[in-house]
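Right, one structure below, let's go through it.
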Amino acid sequence: MRILFKNITSLVRVACKNEKFKVGPSMKDVCEIEDGALIFSDKIEWVGKTQELEQKLQNQALNIDEVYDLNGKTVIPGFVDSHTHFVFAGERSNEFARRIAGATYQEIASEGGGILETVRATRKASEEELFEMALKRILKAIEYGTIALEIKSGYGLELETELKMLRVIQRLKEALSINIVSTFLGAHDFPPEYKNNRSKYIDLICEEMIPEVAKQGLATYCDCFIDKGYYTIDEGRRIFEKALEYGLKIRCHADELADVGAAKLAAEIGAISADHLLFVSDESLQAMKNSNTIATLLPGTSYFIKMPYAPAKKIYELNIPIAISTDFNPGSCFTQNMQIILSFATLNLGLTCEQALVASTLNSAAAIEMSEKVGSLEIGKDATFLVLDCKSYIDLFYNFGINHIESVWIRGSKFSSNK
Ligand code: NIG
Ligand code: FE
């Protein structure tokens, strides 16, 4: 099946030099083609201007099976959500109401709520229930333009439930055509049964959980919440070193609640991504600058728990690659809508529209090591993109809070949830 899109009012390729990610001033150029055209099967076969089409088709006899006229529309690569917690049971709307009335995220957590509330519900839920709930949430994310995802475990904090969550992620990968990668986050918090014996729980993570997760091939990455009130630098280092030994790659919840030097550790240990960074120090940023670690910023979390925003401008000026994602989870950011995250990234983090677009597509794909397949519209990459019902990508930001997606295409097929 070969399809032609023509007369696309704005075709935004995001990148056109096969870069794995973009940093600094190169984020300014989103390789837009006005009145563009696209020929694709499961991969992108040709991209150019509509007026060049005739020549192209004359030079090369191509069977085109379907033609779409996309006058008035915009085509962009799909959004990559590289930091999420889609698998969990229960919900925390009363905590939300309490926070709105003045309680803080940390106060609620210190009373045994927060992550631990979700741990209790997730331990009780069956694999089937977890799968059905996560599937429903992800279908909503796709409706809003998400075409690739990272999903973490971390609401089990015991071997059995962590494995259950990771099996659910595995099933989601099999059930959906979007790309999904999984992360083991046994170090999301300390379970109540080890509250007074932290090192015993870390022994469990290192001696039992990581080896078992690796043996069963259930995760590509290992994450750890290194922050005030959660894991210390030394605890995080121990977990990461063990994970590396077992072939897992590293990503890190870093300096979300306070600067504890987590981003520096992430950079030094060769993490693929250091995430949050609300309180990241200059010293840690220098370490990130000298590494290949991507800065994944999650402005929805700052918004939702009323915290400061990460120093995006500083990070940008240091030429550290910036990705943006939702952090979708029931406590600190309960939205799977990447379009609203793009709005926060511009109006609250201070990125330009172009920077936010690059950060949510190509760079976020790089943050899950998938930018060779998705993240930009270039020949040979997957034919995975969004048709927006607007004439320019600027409208995504300008007319905020509504869903601009007309259709989502995954490897050359229009996505439909009943498939
Ligand atoms: O990314 N920071 C740690 N974990 C989540 C919060 C999870 C929760 O509150 O359930 C986050 O913000
Ligand atoms: Fe998170």
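Per residue, the chain reaches -9500 deg cm²/dmol at 222 nm when only DSSP H runs of four or more residues are counted, each adding -39500 (n - 2.57). Choose one answer from 206, 252, 224: the residue with the largest mean-square fluctuation in a GNM of the chain with alpha-carbon springs under 10 Å. Highest fluctuation of the listed residues: 206.
Direction-averaged projected area, Cα convex hull, the chain: 19.2 nm², rounded to one decimal. Antiparallel beta bridges, as assigned by DSSP with both residues in the stretch 288-410, represent about 60 percent of the total such bridges.
Of the heavy-atom accessible surface of the stretch 79-367 (probe 1.4 angstrom), what whole percent is carbon and sulfur?
On the stretch 79-367, the fraction of accessible area on carbon and sulfur atoms equals 50 percent.
For the stretch 77-100, the residues whose backbone nitrogen is under 18 Å from a point 7 Å from the Cα of residue 56, taken along Cα to Cβ, are 77-78.
Left without a cysteine partner by the 4.7 Å Cβ rule in the chain: 206, 222, 224, 252, 333, 353, 390. For the stretch 287-419, dividing the convex hull volume of the Cα atoms by the residue count gives 132 Å³ per residue. Debye-formula intensities of the stretch 342-419, expressed as log10 I(q)/I(0) at q = 0.11, 0.17, 0.22 Å⁻¹, are -0.32, -0.77, -1.15 (one equal scatterer per alpha-carbon, no solvent). Net charge of the neighbourhood of residue 351, taken over other residues with C-beta under 14 Å away and scored Lys/Arg +1, Asp/Glu -1, is +2.
Where does the charge balance sit around residue 171 when Lys and Arg score +1, Asp and Glu -1, over other residues with C-beta under 13 Å from its C-beta? After counting each charged neighbour, the total is -2. The label-point distance for residue 29 and residue 289, in a model that sets each label 7 Å from Cα toward Cβ, rounds to 2.5 nm. When each of the peptides 375-384, 362-371 is scored by the mean number of other C-beta atoms lying within 10 Å of its residues, the order from highest to lowest reads 362-371, 375-384.
Helix 127-143 and the longest principal axis of the C-alpha atoms of the chain enclose an angle of approximately 40°.
Cβ-Cβ distance of residue 244 and residue 91, R₀ of 30 Å, FRET efficiency by 1/(1 + (r/R0)^6): the value works out to about 0.30.
Solvent exposure of the chain amounts to 39 Å² per residue of accessible area, where only protein heavy atoms count and the probe is 1.4 Å. Gain on full extension, evaluated as 0.36 nm per residue between residue 124 and residue 139 minus their Cα-Cα distance, stands at 3.0 nm.
Here the calculated FRET efficiency for residue 413 and residue 306, from their Cβ-Cβ distance with R0 = 51 Å, stands at 0.80, rounded to the nearest 0.05. Among DSSP beta bridges lying fully in the chain, give the percent that are antiparallel, nearest 5. Rounded to the nearest five, the antiparallel share is 45 percent.
Between residue 2 and residue 160, full extension at 0.36 nm per residue minus the direct alpha carbon distance yields a gain of 52.3 nm. So which lysines pass the test for residue 314, namely a Cα distance under 26 Å, with those fewer than 8 places away in the same chain ruled out? Result set, ordered by chain and number: 17, 20, 22, 28, 228, 264, 289, 306. What separates the Cα centres of the stretch 273-342 and the stretch 396-417 is a distance of 24 Å. Within straight-line reach of residue 140, meaning a Cα separation under 19 Å, sit the following lysines at least 8 residues removed in sequence or on another chain: 152, 173, 414, 419.
The values are calculated or read from the model by the stated rules, or taken from the named source; none is laboratory data. If you're wondering where the values come from, they're calculated on a predicted model, not measured in any experiment. Every residue, glycine as well, gets a Cβ built from its backbone with ideal geometry; the counts of neighbours run over all protein chains shown. Accessible surface areas use protein heavy atoms only, side chains included; no ligands, DNA or RNA. Shrake-Rupley method; radii C 1.70, N 1.55, O 1.52, S 1.80 Å.
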